[in-house]
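What follows draws every value from the coordinates through simple rules; no lab data is involved. The shown structure was predicted, so the numbers you read here are calculated from the model rather than taken from an experiment. Note: ideal-geometry Cβ built from the backbone for every residue, glycine included; neighbour counts use all protein chains shown.
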């Protein structure tokens, strides 16, 4: 395991435990950072310890105690740390600090954008710069957002806990949204696939904790059905392979079965929400033996049941185009061009695909070039370049 | 944790001024979370005071002309924000007006 992978895997646990012990978010983050720096310096020399996570947590904790001793307010705070340490021996609803951290980060008294940013920073260990890029805001803006959120948690007395049972239903949607975002962070970037695993791990815990919440199960099903295709999304050269061209025999069929079973059980509760609908769409794809077998009318109907955001409208246009022909799809995509999707690379990429299917290669080439200029990952860019070469030949 | 609950509402809230709190006060006194509070006379009876360059400036009316005005306040002391939210949500004002929950500033060391 590389140090980067280890960082991704252990960061959240180290910070989550430290927050429980010190009650201080900034201090916990700083001490976790220092512990990882110490590891980076020592491990190449002394070897990686048997339990790197425990080593990191202990090191970070010692640094926190040192820091509190040096401070004038240390004595009172140290007593507090001791008290909290004692409290940690008490039974909790869920024996996982990361889950406690997640529910606190997702507290409804925080703005939605702050909840997501905070979870990605403290739980997933993304840097402020990375989060700023993900949300298209300047880094100082994101930095301020994170600081303000942490200060509010501390000063307004937002409790560091998994909410009691009667509060869980109103706290769930925010947690699910954050988990899905986390999953997508890892799904769209091979290097950070551990984020997806982390999202799945936490979603499994949630489903275990809330077996009566169909949307939690729906989200887990959605993640599993996507994750089943993970290894077939890139070819040997790291170029994107579209759903249509993926080798379906290499999909992880045990994950698909698990996802389908979860979804089926969730839908039986008769309270379908956006995650269950999206999982149903993913299940349509996963259960098609070949791309040609895909039930596009059903997928179109399912997209119609989701809130019609511009991205959902684009996906629905694709489904209609696949069901009724590329000319119909192209017309729908062109209708979206003037809207808020301008500058979104999948808009010209979808347009190019319909034009290619229609044999209008010259126009397709123009749209492929436009998509290439806007593409956000190397895998996508190289796929689009390959398509461009095809229609230009 | 100590919080100030500021009960806000627009002019229609005045209709509720003499309705009482429907058992809220009794429950919260029993729980021992209330540290003080009162209902207020309407903002039209307010006087705003500022001192600038040693000059006393008085204005008739509230400090900000907004649609929603503070009609009362309660100081509470409870475990955390979740409990403060629960206490505020039970207050009748939450049903027709708005309640702002503000944590109190910790006094500097040595003051209390």
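As a rough footprinting exposure proxy, the listed residues A:150, B:2 were ranked by other beta carbons within 10 Å of their own, and the order from fewest upward is B:2, A:150. Spin-label model, residue A:392/residue A:42: points 7 Å from Cα along the beta carbon direction are separated by 5.4 nm.
With neighbours defined as other Cβ atoms within 10 Å of a residue's Cβ, the residues A:24, A:293, A:97 order from fewest to most as A:293, A:24, A:97.
For chain A, modelled as a GNM whose springs connect Cα atoms under 10 angstrom apart, the maximal fluctuation among A:244, A:34, A:264 occurs at A:244.
As a calculated quantity, the FRET efficiency between residue B:79 and residue A:136 at R0 = 45 Å, using C-beta atoms, amounts to about 0.70.
Peptide B:74-86 has a mean shielding of 3, counted as Cβ atoms of other protein chains within 10 Å of each residue's Cβ. Shielding by partners for peptide A:331-337, expressed as the average number of C-beta atoms from other protein chains within 10 Å of each residue's C-beta, is 0. Compared with the alpha-carbon gap, the fully stretched path from residue A:1 to residue A:327 is longer by 112.5 nm at 0.36 nm per residue. Over the residues of the protein assembly as shown, the helix contribution to mean residue ellipticity at 222 nm works out to -18500 deg cm²/dmol, using -39500 (n - 2.57) for each DSSP H run of at least 4. For chain A, modelled as a GNM whose springs connect Cα atoms under 10 angstrom apart, the maximal fluctuation among A:122, A:232, A:147 occurs at A:147.
Based on the Cβ-Cβ distance of residue B:46 and residue A:342, what FRET efficiency does E = 1/(1 + (r/R0)^6) give at R0 = 60 Å, to the nearest 0.05?
0.75
The ranking of B:21, A:105, B:78 from fewest to most other beta carbons within 10 Å of each one's beta carbon is B:21, B:78, A:105. Rounded, prolate or oblate: pick one for region A:306-393, where a ≥ b ≥ c are the square roots of the eigenvalues of its C-alpha gyration tensor, a/c under 1.5 means rounded, and failing that, prolate if a/b is larger than b/c, else oblate. Note, shape of region A:306-393 comes out oblate. Rounded to 0.05, the FRET efficiency of the residue A:301 and residue A:258 pair, given R0 = 25 Å and the Cβ-Cβ distance, is 0.50.
Highest-first packing order for the peptide set A:358-367, B:32-41, A:59-68 is A:59-68, A:358-367, B:32-41, based on the mean count of other beta carbon atoms within 10 Å.
For chain A, the longest principal axis of the alpha carbon atoms and the long axis of helix A:25-46 meet at an angle near 90°.
Taking every residue in A:109-116 and counting other chain Cβ atoms within 10 Å of its Cβ, the average works out to 1. In a fully extended conformation the segment linking residue A:50 and residue A:334 would gain 96.5 nm over its present Cα-Cα distance, using 0.36 nm per residue. Once the Cα atoms of helix A:214-227 and of chain A are each reduced to a long axis, what angle between those two axes, in degrees from 0 to 90 to the nearest 10, is obtained? The helix A:214-227 is inclined about 70 degrees to chain A. Helix A:52-70 axis versus longest C-alpha principal axis of chain A: approximately 50°, rounded to the nearest ten. How many angstrom lie between the Cα centre of region A:1-75 and the Cα centre of region A:96-153? So the two Cα centres are separated by 19 Å. Between B:19, B:100, B:77, the residue with the greatest mean-square fluctuation in the GNM of chain B (Cα pairs under 10 Å linked by springs) is B:19.
Each of residue A:66 and residue A:112 was given a label point 7 Å from its Cα along the Cα-to-Cβ line. The distance between the two points is 4.3 nm. Extending 7 Å from the Cα toward the beta-carbon at both residue A:208 and residue B:54 defines two label points whose distance is 7.3 nm.
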